[in-house]
Amino acid sequence: MPEIAVRLTKRNHNAFVHLLGALEGQGFDLSDLLITRDFREILRAKPRVVLYSFFTEEIWGPLAEEVRLLKGQGAVLVAGGYHAIAMPRHTLNRLGFDIAVIGEGEEVIHHLLTTLRGTGYRITKELLGVKGLAFYLNGRFVFTGFARVEDFWRFPPYPESLRLISPIEISRGCPFSCYYCQTPYVKGFRMRHRPIDQIVKYSHRMRDMRYITPNAFAYGSPGAILKLNKLEALLRALQPLRKEGRRLFYGTFPSEVRPEFVIPETLELLIDYADNRRLAIGAQSGDDAMLKAMHRLHGIEEVMRAVDYMVEYGFEPVVDFIVGLPNETEEAQRRSIELMRWILSRGGKVRAHYFMPLPGTPWARCRPSPLSDEMKRFLGRMASKGRIEGSWGMQMELSRKLQKLIEEFYEEPMSRTVPVRNVC
């Protein structure tokens with residue numbers, strides 16, 4: 001039976017597909033792993049090590065019971081993902097994991113599994129040589145450093161030996177440092193990009209070509225500027241695959257585009273080279289003061305201009321908003337309602353989310369603001385008509401749980417590469 005299991009879920013699928021590709025690219029035999037979404041299969045196999053990856057909002061699901069059962073079998077439990085990175089002590093002390101992976105995991109996982117094999121799957125001093133871990137050794141908390149993989153493209157985005165596929169990560173990092181978002185504080189402020197020849201090579205296995213990037217139109221740039229020639233070179237290089245019958249979706253799920261990058265030139269590229277006629281952008285608020293407070297570095301003028309351009313060029317705008325932002329007044333919420341109404345009147349769609357204080361961000365210790373009666377009525381009415389999407393109702397309860405968690409177990413971020421300061 002396999003000694004190492006990978007606990008796949010719907011939410012961690014993309015992350016693990018990429019990590020498995022990196023493992024295989026470093027010579028690890030994936031046939032030695034049990035990779036499954038069926039937890040019962042893992043229990044039956046009784047592996048020595050089980051790998052998990054999860055977001056903070058998932059810790060209130062079946063995770064606790066799974067950890068209890070696996071610990072009862074003596075398994076070494078390894079946690080990765082945003083929660084483990086932002087709250088390693090909570091991950092170890094409260095959730096019951098033995099090891100937390102801190103940072104970008106492509107090299108860490110290979111080094112960790114190789115070392116654990118050599119120790120008979122025991123936590124020993126040999127793990128001190130693996131950068132990117134947090135664990136307890138002889139009762140003492142140990143942190144071996146934050147793992148950064150500058151050239152993440154050295155590793156394939158999926159394993160060639162398995163029938164596993166996911167959207168390809170083509171860019172990593174974000175220079176905008178929005179205060180509610182974990183991405184720049186884990187992945188860094190500077191964008192790094194997978195080379196075009198690699199993107200084309202690995203897109204051959206995709207029927208629908210989709211990509212993971214914080215800002216799809218910033219491909220080839222440090223992130224804050226548009227490099228139109230780089231973007232066009234990428235889209236043009238993918239055209240032979242479209243001629244073979246594959247469809248190219250760019251700037252839509254699972255990615256989005258910043259509004260100031262939506263200009264006639266970028267939209268014309270999509271018309272010429274892509275198949276999607278929807279484009280996702282983040283507005284987040286209809287109030288300029290709130291946009292400044294969250295460090296978005298654009299205003300509502302850029303949002304409205306982007307929506308106008310999209311409509312003019314035949315694209316359906318899909319615009320994200322966050323409601324209940326810290327220190328958001330009723331007047332600020334009213335301005336968001338006005339902007340949402342205007343977007344809907346232009347034929348766009350709105351996706352509404354409730355503010356959640358995420359560990360490791362400058363707004364981690366900030367409290368959400370209550371929704372005004374006007375906002376509640378507007379969201380409810382528009383949702384009943386199918387004009388607004390989103391899970392703000394469910395996220396309100398998650399937000400309360402996150403507040404309680406952070407109040408009880410707040411941890412300073414382990415990374416000093418990208419400092420995080422509390423701005424509440």
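Quick notes on this one:
Residues checked against (1) of a type in the set (F, W, Y); (2) modelled with pLDDT under 95; (3) within 22 Å of E389 (Cα to Cα); (4) buried (at least 21 other Cβ atoms within 10 Å of the Cβ):
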site	(1), (2), (3), (4)
A224	no, yes, no, no
K227	no, no, no, no
E232	no, no, no, no
A237	no, no, no, no
K243	no, no, no, no
R258	no, no, yes, yes
E265	no, no, no, no
G299	no, no, no, no
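- If you check I263, I225 for being among the aliphatic types (A, V, I, L, M) and over 24 Å from the mean Cα position of the chain (by Cα), only one passes: I263.
- Taking the criterion of being among the acidic types (D, E) and touching a strand residue (DSSP E or B) at 6+ places or on another chain (Cβ under 7 Å), the only residue of segment 1-31 that qualifies is E3.
Every residue, every condition in (1) more than 25 Å from F253 (Cα to Cα); (2) assigned by TED's automatic domain parsing to the domain that holds E57; (3) touching a Phe, Trp or Tyr at 6+ places or on another chain (Cβ under 8 Å), yes or no:
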site	(1), (2), (3)
Q284	no, no, yes
K292	yes, no, no
H295	no, no, yes
V311	no, no, no
E316	no, no, no
Y354	no, no, yes
A383	no, no, no
W392	no, no, yes
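- Boolean, V76 is modelled with pLDDT of 95 or more and closer than 20 Å to H13 by Cα: no
- Scanning segment 134-168 for residues that are more than 22 Å from V17 (Cβ to Cβ) and either more than 27 Å from the chain's Cα centre (by Cα) or of a type in the set (A, V, I, L, M, F, W, C) (or both) gives A134, F135, Y136, L137, N138, G139, R140, F141, V142, F143, F146.
- Residues in segment 354-401 that are among the charged types (D, E, K, R) and free of Cβ contacts under 8 Å to residues at least 12 places away in the same chain: D373, K376, R377, R381, K385, E397, R400.
- With respect to the conditions (1) touching an Asp or Glu at 6+ places or on another chain (Cβ under 8 Å); (2) without any contact (Cβ under 8 Å) to a residue 60 or more places away in the chain; (3) within 21 Å of P167 (Cβ to Cβ), H18 falls short on a single one, namely (2).
Yes or no, residue by residue, for (1) over 19 Å from T119 (Cβ atoms); (2) touching a strand residue (DSSP E or B) at 6+ places or on another chain (Cβ under 8 Å):
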site: A45; (1), (2): yes, yes
site: V49; (1), (2): no, yes
site: F55; (1), (2): yes, no
site: W60; (1), (2): yes, no
site: V67; (1), (2): yes, yes
site: K71; (1), (2): no, yes
site: Y82; (1), (2): yes, no
site: G96; (1), (2): yes, yes
site: V101; (1), (2): no, yes
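- Every residue from segment 275-297 that is of a type in the set (A, V, I, L, M, F, W, C), surrounded by fewer than 22 Cβ atoms within 10 Å (Cβ to Cβ) and within 29 Å of E244 (Cβ to Cβ): A280
- Residue under evaluation V311, criteria (1) surrounded by fewer than 18 Cβ atoms within 10 Å (Cβ to Cβ); (2) touching a helix residue (DSSP H, G or I) at 6+ places or on another chain (Cβ under 6 Å), criterion not met: (2)
- Restricting P156, P167 to those that are touching a residue at least 12 places away in the same chain (Cβ under 8 Å) and within 18 Å of E256 (Cβ to Cβ) reduces the list to P167.
- Residue match in segment 368-376 (condition: surrounded by 16 or more Cβ atoms within 10 Å (Cβ to Cβ) and closer than 30 Å to T266 by Cα): no
- Hey, N215 surrounded by fewer than 17 Cβ atoms within 10 Å (Cβ to Cβ) and polar (S, T, N, Q) or not: no
The values are calculated or read from the model by the stated rules, or taken from the named source; none is laboratory data. Treat the numbers as computed from the prediction; the structure is a model and nothing was measured. Glycine also receives a Cβ, built like all others from the backbone with ideal geometry; neighbour counts cover every protein chain displayed.
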